[in-house]
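Asker: Below is a structure I'd like to ask you about.
The values are calculated or read from the model by the stated rules, or taken from the named source; none is laboratory data. Keep in mind that this is a model prediction, so the values were computed, not measured. Cβ coordinates were reconstructed from backbone atoms using ideal geometry, including for glycine residues, and neighbour counts include every protein chain displayed.
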Amino acid sequence: MYIVQIASECAPVIKAGGLGDVVYGLSRELEIRGNCVEIILPKYDCMRYDHIWGLHEAYQELWVPWYGAAIHCSVYCGWVHGRVCFFIEPHSQDNFFDRGCYYGCDDDNMRFAFFNKAALEFLLQSNKRPDIIHCHDWQTGLVPVMLFEIYKYHGMENQRVCYTIHNFKHQGIAGVDTLWATGLNQEAYYFDYDRLRDNFNPFALNYMKGGIVYSNAVTTVSPHHAWEAHYTEVGCGLSHTLHLHQDKFRGLLNGIDYDFWNPEVDRYIPHHYTPDTLDIKAKNKQALRERLLLRETDKPIVAYIGRLDTQKGVHLVHHAIYYALEKGAQFVLLGSATESRINAHFWHEKSFLNENPDCHLELGFNEELSHLIYAGSDMMVVPSNYEPCGLTQMISLKYGTVPIVRSVGGLVNTIFDRDYDENTPPEKRNGYMFHHTDFHALESAMDRAIGLWYNSPKAFRQLALQGMEYDYSWNNPGGNYLAIYDCIRAT
Ligand code: ADP
């Protein structure tokens, strides 16, 4: 099968969060299974060019219709750890992708509407006719809309679209300008509740809604999150649209790329280990302490890695730091915040805790350090308010780091409480779970984890080993996505 992924991220060259990991990992798995996969991305100025091999200009004359005129683009091709990627570079005064950031600009709607148009135009003009176009999140929600409303009539009538929603919170809310810019035009037609009109703001278009309405199959990234999106506020206003399209909507758990996230081969950690040599993990703990100037002492390390965002339960992250210290643990945090209020808060905490030999807060994005933290910590807290799938808990399991998670989204599908999960046999349980968003709930789960570490080291080690036994690779999800592709190709 010939599959083209159109996305705003692909790890490690462009990564703001889990989306990048998924685009890379899924593509790799699909290729291993004998499919041809290509990935189309924006050519951002700030991406990690050091992770691209053989970057060269593949198409010089891509003219993309825009506001009744056309913008000249170049398309670059290169290999990102074995995956073929095409990077679109527009030459216009808008400088859509030369902003020193991936997201967060006032005109993000226009930037990604343009990217969608350019990606389709590239497929059309270069005569690429994939069996499947796989799009991700609001940034590519207009691809199926334009494919089935415009490009279908220019020789792209056989393409089928799978649309994956990684986060319902950001939907791409835009005004009528999008229609004029992209050539969709027909205001009355698209401002219809059955098409792109936002369910709550009658004056706005909703890209993600367009993605749901027009795609042949829609997925989100875990079965429990699919249920939440249907029936709770987590659907962020799209529950009704999902109900209308429920026959094509499913939750599929993400996977982890075990070539990249694997303590046996991880090139960013100093000491490799397997379940049979778990004791070597202690050397990584020592290396982590040396790197972050934590004191060498007989205490567990509790970690947090992730965006510092209300989604991630920052009030609980903050509390976890002080509670861990109070309970005789060390704490390591690696996180970045885009919201200035949250950013300022954690910088304040960092300076307050600066001299504490049991705590280190690293604010920013640091891929290399994240690997050492997974390998060197004993526990990982994931206290999210909502979590579509969550990769950090799955990565932690692989590194023998025991997750302490809140019972939302994909965390429910992947973590099984050591003490209370009656549906899972004791030898299959792999972490700790709490339910409410108050401090007390988090504390009780942390108490149990830290208590086990101190009082029953053997039992704690056994729990870590049970986590390492889980297979959250792309093997299962890869097969599931292929089944969906097969199904929509037959329509
Ligand atoms: P989300 O996609 O909501 O950000 P996920 O748990 O799905 O969260 O994926 C997070 C990914 O990003 C993981 O691979 C995690 O290790 C990585 N990550 C998050 N924050 C950082 C950071 N500050 N530095 C390095 N890696 C990070």
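Asker: Failed condition for residue 408, given (1) away from the ligand (no atom under 14 Å from the Cβ); (2) in contact (Cβ under 8 Å) with a residue 24 or more places away in the chain; (3) out of contact with any strand residue (DSSP E or B) (no Cβ under 9 Å at 6 or more places or on another chain), with all others met?
Answerer: All conditions pass for residue 408, except number (1).
Asker: Consider residue 439 against the criteria (1) within 30 Å of residue 3 (Cα to Cα); (2) surrounded by fewer than 19 Cβ atoms within 10 Å (Cβ to Cβ): it satisfies all of them except one. Which criterion is unmet?
Answerer: (1)
Asker: Okay, next question. Restricting the search to the stretch 376-390, which residues are of a type in the set (Gly, Ala, Ser) and either without any contact (Cβ under 8 Å) to a residue 24 or more places away in the chain or away from the ligand (no atom under 11 Å from the Cβ) (or both)? So that I can check it myself, show each step before the final result.
Answerer: Taking the stretch 376-390 as the starting set, the residues that turn out to be of a type in the set (Gly, Ala, Ser) are 376-377, 384, 390.
Passing the criteria: 376, 377.
To keep it simple, each residue is scored yes or no on (1) in the same structural domain as residue 47 (by TED's automatic domain parsing); (2) buried (at least 24 other Cβ atoms within 10 Å of the Cβ); (3) of a type outside the set (Asp, Glu).
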{"position": "87", "(1), (2), (3)": "yes, yes, yes"}
{"position": "94", "(1), (2), (3)": "yes, no, no"}
{"position": "101", "(1), (2), (3)": "yes, no, yes"}
{"position": "119", "(1), (2), (3)": "yes, yes, yes"}
{"position": "133", "(1), (2), (3)": "yes, yes, yes"}
{"position": "146", "(1), (2), (3)": "yes, no, yes"}
{"position": "149", "(1), (2), (3)": "yes, no, no"}
{"position": "155", "(1), (2), (3)": "yes, no, yes"}
{"position": "158", "(1), (2), (3)": "yes, no, yes"}
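Asker: I would also like to ask the following. I'd like the full set of residues that are touching a Cys at 6+ places or on another chain (Cβ under 9 Å), under 22 Å from residue 62 (Cα atoms) and buried (at least 21 other Cβ atoms within 10 Å of the Cβ), limited to the stretch 5-42.
Answerer: 5, 6, 7, 39, 40, 41 - these are the residues of the stretch 5-42 that are touching a Cys at 6+ places or on another chain (Cβ under 9 Å), under 22 Å from residue 62 (Cα atoms) and buried (at least 21 other Cβ atoms within 10 Å of the Cβ).
Asker: Something else about it: Before we move on, is residue 226 more than 15 Å from the ligand (Cβ to nearest atom) and crowded, with 17+ Cβ neighbours inside 10 Å?
Answerer: yes
Asker: Checking residue 360 against (1) within 15 Å of the ligand (Cβ to nearest atom); (2) out of contact with any helix residue (DSSP H, G or I) (no Cβ under 8 Å at 6 or more places or on another chain); (3) not basic (Lys, Arg), only one condition comes out false. Which one?
Answerer: (2)
Asker: Right, another one. Can residue 48 be described as in the same structural domain as residue 219 (by TED's automatic domain parsing), touching a Pro at 6+ places or on another chain (Cβ under 7 Å), modelled with pLDDT of 95 or more and not polar (S, T, N, Q)?
Answerer: Details: in the same structural domain as residue 219 (by TED's automatic domain parsing): yes; touching a Pro at 6+ places or on another chain (Cβ under 7 Å): yes; modelled with pLDDT of 95 or more: yes; not polar (S, T, N, Q): yes.
Judged against the criteria, residue 48 is a match.
Asker: List the pairs whose first member sits in the stretch 317-344 and is closer than 21 Å to residue 370 by Cβ, whose second member is among the polar types (S, T, N, Q), and whose Cβ atoms are under 7 Å apart, counting only residues at least 6 apart or on separate chains?
Answerer: From the stretch 317-344, the pairs are 332/377; 334/366; 334/370; 337/343.
Asker: Can you spot a residue in the stretch 420-442 that is under 22 Å from residue 471 (Cβ atoms), free of Cβ contacts under 8 Å to residues at least 60 places away in the same chain and in contact with a Gly (Cβ under 6 Å, 6 or more places away or on another chain)? Working first, answer last.
Answerer: Initial filter on the stretch 420-442 (under 22 Å from residue 471 (Cβ atoms)): 421, 423-433.
After this cut, where a residue has to be free of Cβ contacts under 8 Å to residues at least 60 places away in the same chain as well, the list is 421, 423-433.
Okay, now just the ones that are also in contact with a Gly (Cβ under 6 Å, 6 or more places away or on another chain), so 430.
Yes, the conditions are met somewhere in the stretch 420-442.
Asker: For the stretch 316-341, enumerate the residues that are assigned to a helix (DSSP H, G or I) and within 13 Å of the ligand (Cβ to nearest atom).
Answerer: 317
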